[in-house]
Amino acid sequence: MSKERLRFEDYLLLALLIVLFLGLSVLYNVNQNFSFDQVQMLLKGIHAALTGEFLPFGNEASTMGNLPGMLSSWVIGFPLQLYAHAWSPVIFQFLLRVVAILLFINALCQLFERKIVLIGTFLLALSPWVLYQTMLYNPAYLLFGSTLTLNTLVRLRNDSSNRRAHSALNRGRGLEFNFGRFINSLLLVLAIGFCLQLHFSWPVLAAMVGIMWLRRDIKISYVGVLVGIALVGWSLVPYVQEIMVNPSLLTNPEPYAQERYLGYGIVHVYPVLKGLLYWFRFGSLLVTEKAIVPELTDDLSLWLVVLGYAWIGIAYLVGGLSVLYAAYSNYFVISRFHVSNSSDRLRFVRGMSISAILAVLLAAGASPVVLNFWQIAVIIPFALLPVLAFMSVRPHGLKLYVWVAAIFFVFANALGATYSEKFSYQQNFSANFYRSCLVGFSPQQCTPYGSSLTSEQREAIAAQTPQDPEVIKRVIEGIIPHYEKILQQQQEAKAQEQAQAQEAQTQTERADQSGEVTVREAITEPAVPVVEGVTAPVAAPAAEPAASAPAASAPAASADEQAAPAADTAASASIEESSPASVVQVAPASEPIVIAVPTASGSQNSGSNANSSGSSNSEPLIIDQGQGASGELVIH
């Protein structure tokens, strides 16, 4: 297989692909949901832009503490220093990612014919695997480091085309100095060092390079490697100085992180298998479900729900078939390209594929977490190579694959950029950027980053977003709380939630009980006598507050006295003088209250007459509210 020079129409098509890539990148960027990952980088970058201090540590990682180096601050702070606007770091990120695509194109041109170069660029630039990471967070910058690594490895391959020395600068003492190999070896180490300061997935690249070197797939310049290591180490000196006084940056204080350990993946086996599956998926159309599975809420119409499930089924069908295609491509490349009649370039792709698979398995086995796609996305450009190599020797059905991929990319990117877990058409990028700035800085300092907002919008956002001292200490000052403190805070928060839930349940029970009037049960309790001078509470309905009834009392009656006239007894009840005044709260007029009261023995109650004499017995006292003249209390 010989190299082909690109034609003029090829350059036009590549330019069109880059324009489409930039257009989709803008769509993804404006719709991104801001999480703590973005807030961390933005606060570090804004701090650098305002103070000129680039913090020597990066974002907090899942279980491994903070990232080393100041690159996390630099990729945000440097563009903001050039021009204080929310889109400055976005444009800088776009430039890096366009350079990454150009590096990928250049590497493909060293390995494949022009048709495969165009197809490979299409599969990388418009893939949702790549575009779904178009956010202001650290994995978005890894594409530059990974494609730079790929490009240098292609140029360092140990084949007949690269065994000649391009320039000999020093032939003294029998030493031949290859300047091209020196530069590429230096750039190789710097590319891995670039990824090292942005994400903990860099060991995958380092392991892959090491395996390729052991397999003699590449030939490096040891001088270039040593110079690169020295430069990367020099850039990490401020970080080393920081951790000497602040060792908490080395560990994650969250309780779940204490349960993880190096080698977690190999012990549980499943993470290793998942890592291998990701290698095949990165070379296929089966992208992350976060991008292609919409949230089918209850407020959607029936036809939208049906359409959503139909899309999910088609996406998984197409993606699953493409995974099988990618898996077979890897099998074909590894099993067939080792023969002597294969070209040096195809044997190089075979060696790189083997090394990458072994590196993924090692990384997945050693990782303290179960890998997610963004934690291993650094290998996406490498995963496409065996698929492209298979296409170059088995072009049958290639046109169909490209058309299916193009249609799939249209729908997947449209959905992923507007209605997915990390992106939504309802987001406002400028407002989110300004809100993130307010977490750590004053409204006056953040005003340039909210210049596209109106003053009323900025005031409303500032009123809702107070500064968070804990975030400032943790993100900018690097004061990471200890595990015990985090655990105590979580326990206190949990106890507070339980207390609030218990209080809400108690109030609900009281509200339920307040609608029930059981005066009979209340007076049967010895501790709550109704007539013997104790108030009997009766709650009123919620719509109308309860009113206290006037006290019901009458002059003392002796045993020899006769019954009073009926007109008098209709307005009063005979109660012993020794008993104190009784107070009764009255229920609504439509519900009469029956209370058992002590009366004299042998008394006769007929109609409205009440006679009392002798020993007391229990007789019913019926109280109606609002039955007399002017709504007075009437006691029967």
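For the reader, a short list of remarks on this structure follows.
- Unit charges at the beta carbon, dipole of region 266-386: most positive-side option, 306, 351, 365: 351
- Accessible surface of residue 10, taken over heavy atoms with a 1.4 Å probe and every protein chain present, rounds to 0 Å².
- At an R0 of 30 angstrom, the distance between the Cβ atoms of residue 96 and residue 400 translates into a FRET efficiency of 0.30.
- On region 94-158, 66 percent of the accessible area sits on carbon and sulfur atoms, based on a 1.4 Å probe.
- Among 309, 419, the order of accessible area from largest down is 309, 419, computed with a 1.4 Å probe on protein heavy atoms.
- Mean projected area (nm²) of the alpha-carbon convex hull when region 261-418 is viewed from all directions: 11.3
- P(r) tail fraction, region 1-99 - alpha-carbon pairs more than 24 Å apart, %: 39
- Rounded D (µm²/s) - region 13-166, Kirkwood Rh over Cα pairs, Stokes-Einstein at 20 °C, 1.002 mPa s: 126
- With a Förster radius of 51 Å applied to the beta-carbon distance between residue 498 and residue 5, the computed FRET efficiency rounds to 0.10.
- Region 316-392 - convex hull of the alpha-carbon atoms, volume per residue in Å³: 98
- Taking every protein chain into account, the accessible area of region 203-252 amounts to 57 square angstrom per residue (probe 1.4 Å).
- Residue-span extension gain [residue 306 to residue 277] - 0.36 nm each, minus C-alpha spacing: 7.5 nm
- Cα→Cβ-extended label distance, 7 Å offset, between residue 510 and residue 411, nm: 5.7
- Solvent exposure of region 306-432 amounts to 42 Å² per residue of accessible area, where only protein heavy atoms count and the probe is 1.4 Å.
- Förster radius 25 Å - calculated FRET efficiency between residue 418 and residue 15, Cβ distance, rounded to 0.05: 0.45
- Rolling a 1.4 Å probe over the protein chains gives residue 399 an accessible area of about 150 Å².
- By the equivalent-ellipsoid construction on the alpha carbon gyration tensor, region 377-436 comes out with semi-axes of 35, 16, 7 Å, ordered largest to smallest.
- One chain, two ends: residue 467 and residue 267. Fully extended at 0.36 nm per residue, the span grows by 67.7 nm beyond their Cα-Cα distance.
The values are calculated or read from the model by the stated rules, or taken from the named source; none is laboratory data. The structure displayed is predicted, hence computed values, not measured ones. Neighbour counts run over all protein chains shown; Cβ positions are idealised from the backbone, glycine included. Heads up: the accessible areas ignore ligands, DNA and RNA and are worked out on the full protein's heavy atoms, side chains in. Shrake-Rupley method; radii C 1.70, N 1.55, O 1.52, S 1.80 Å.
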